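Structure, as structure tokens:
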Ligand SMILES: Nc1ncnc2c1ncn2[C@@H]1O[C@H](COP(=O)(O)OP(=O)(O)OP(=O)(O)O)[C@@H](O)[C@H]1O
Ligand SMILES: [Mg+2]
């Protein structure tokens, strides 16, 4: 297969999903014609508010939800025409935990390997248990594992057949900080060794640090899809916080021109666009106004700002 590795690990075109309605609720269109390409080798983040359609998209790729229209390819395999190959190219950690409580982690991984036809000699059960920090829990019943441990076991389960594409739907929800970092270390390592990673998370800071490309989805539509750095550069805004050596009652006019504010008598905040104003100019204006600075800090735009801006531009449907 090495001669024909696909350029894109995942390709989605015109993907629509309408869930049938119930007596209480009408039909719901969760995906409104999504086009998307996830390059091979990417560390790709899917972000969006609750109900945006992230899990729906992931579950269609994994063969867990049936699409209404459009097409999708995983590792070059069409999910309709080459269903089996598409499925074996992907490992999914679903948002909902679904582990058999009466099996042990070791058994769960062995059964999963059997389902995917991984020969005994090629199984990596111990390595996987180790990687997700469950080596000492290998023989405990799944029902005795904590929520975070179960989630980590789900990650191991998704990796038993060493798929080239690993999709993690909220893998760190409920996992404590230390183990979250360990989990991400493992995922990064997999990515470095060539696995394409697609993840969703509500921890934007994590996405910002981990992902090279981010798609933001809202109301079933992709509202942005670009390299993380490009996305972050979208909001041309920075904040400069100054602490003064004494209280002031009002700001001089020269600073008001920089849209400065005085949140407290000794604190000045100046919001500026790095493309249009330079910190040097601002500080010169502060000095010229005879204000003495005892401390200063700046705040960069982070993913949360960009996210909120993009998601607010498209208000929630009634
Ligand atoms: N089985 C289902 N039947 C009917 N509607 C559904 C079903 N699953 C999801 N939906 C609806 O489809 C929309 C998208 O849901 P989805 O689970 O894909 O969102 P999400 O982006 O994963 O949200 P979250 O961040 O909360 O996990 C929501 O309006 C949801 O109510
Ligand atoms: Mg979801």
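Summed over segment 193-220, the residues that are in contact (Cβ under 8 Å) with a residue 40 or more places away in the chain, more than 16 Å from ligand 2 (Cβ to nearest atom) and either surrounded by fewer than 18 Cβ atoms within 10 Å (Cβ to Cβ) or more than 21 Å from residue 183 (Cα to Cα) (or both) give a count of 3. Kindly check whether there is at least one residue in segment 76-87 that is more than 16 Å from ligand 2 (Cβ to nearest atom), under 19 Å from the mean Cα position of the chain (by Cα) and under 17 Å from residue 166 (Cβ atoms). The answer is no, given that none of the residues of segment 76-87 is more than 16 Å from ligand 2 (Cβ to nearest atom), under 19 Å from the mean Cα position of the chain (by Cα) and under 17 Å from residue 166 (Cβ atoms). Can you find a residue that is at pLDDT below 95, in contact with a strand residue (DSSP E or B) (Cβ under 7 Å, 6 or more places away or on another chain) and either closer than 19 Å to residue 184 by Cβ or within 16 Å of ligand 2 (Cβ to nearest atom) (or both) anywhere in segment 136-149? Looking through segment 136-149, none of the residues is at pLDDT below 95, in contact with a strand residue (DSSP E or B) (Cβ under 7 Å, 6 or more places away or on another chain) and either closer than 19 Å to residue 184 by Cβ or within 16 Å of ligand 2 (Cβ to nearest atom) (or both). Residue 230 falls short of the stated requirement of being away from ligand 2 (no atom under 16 Å from the Cβ) and in contact with a helix residue (DSSP H, G or I) (Cβ under 9 Å, 6 or more places away or on another chain). Applying the condition of being without any contact (Cβ under 8 Å) to a residue 40 or more places away in the chain and assigned to a helix (DSSP H, G or I) to segment 171-186 and asking which residue is surrounded by the most Cβ atoms within 10 Å (Cβ to Cβ) yields 180. Out of 281, 261, one residue alone is surrounded by 11 or more Cβ atoms within 10 Å (Cβ to Cβ) and within 35 Å of the chain's Cα centre (by Cα). It is 261.
Would you mention how many residues in segment 82-110 are away from ligand 1 (no atom under 16 Å from the Cβ) and either outside any helix (DSSP H, G or I) or more than 21 Å from residue 171 (Cβ to Cβ) (or both)?
The qualifying residues number 16.
Would you confirm whether or not segment 266-289 contains a residue that is in a loop (DSSP other than H, G, I, E, B), at pLDDT below 90, in contact with a helix residue (DSSP H, G or I) (Cβ under 6 Å, 6 or more places away or on another chain) and closer than 30 Å to residue 37 by Cα? No: segment 266-289 contains no residue that is in a loop (DSSP other than H, G, I, E, B), at pLDDT below 90, in contact with a helix residue (DSSP H, G or I) (Cβ under 6 Å, 6 or more places away or on another chain) and closer than 30 Å to residue 37 by Cα.
The number of residues in segment 32-65 being within 14 Å of ligand 2 (Cβ to nearest atom) and under 18 Å from the mean Cα position of the chain (by Cα) comes to 18. Within this structure, residue 71 passes the test of being on the phi < 0 side of the Ramachandran plot and modelled with pLDDT of 95 or more. The listed residues are 17, 73, 87, and the only one of them that is within 28 Å of residue 218 (Cα to Cα) and touching a helix residue (DSSP H, G or I) at 6+ places or on another chain (Cβ under 6 Å) turns out to be 17.
The values are calculated or read from the model by the stated rules, or taken from the named source; none is laboratory data. Worth saying up front: this structure is predicted, and the values here are computed from it rather than measured. In this analysis, Cβ positions are derived from the backbone assuming ideal geometry, glycine residues included, and neighbour counts consider all displayed protein chains.
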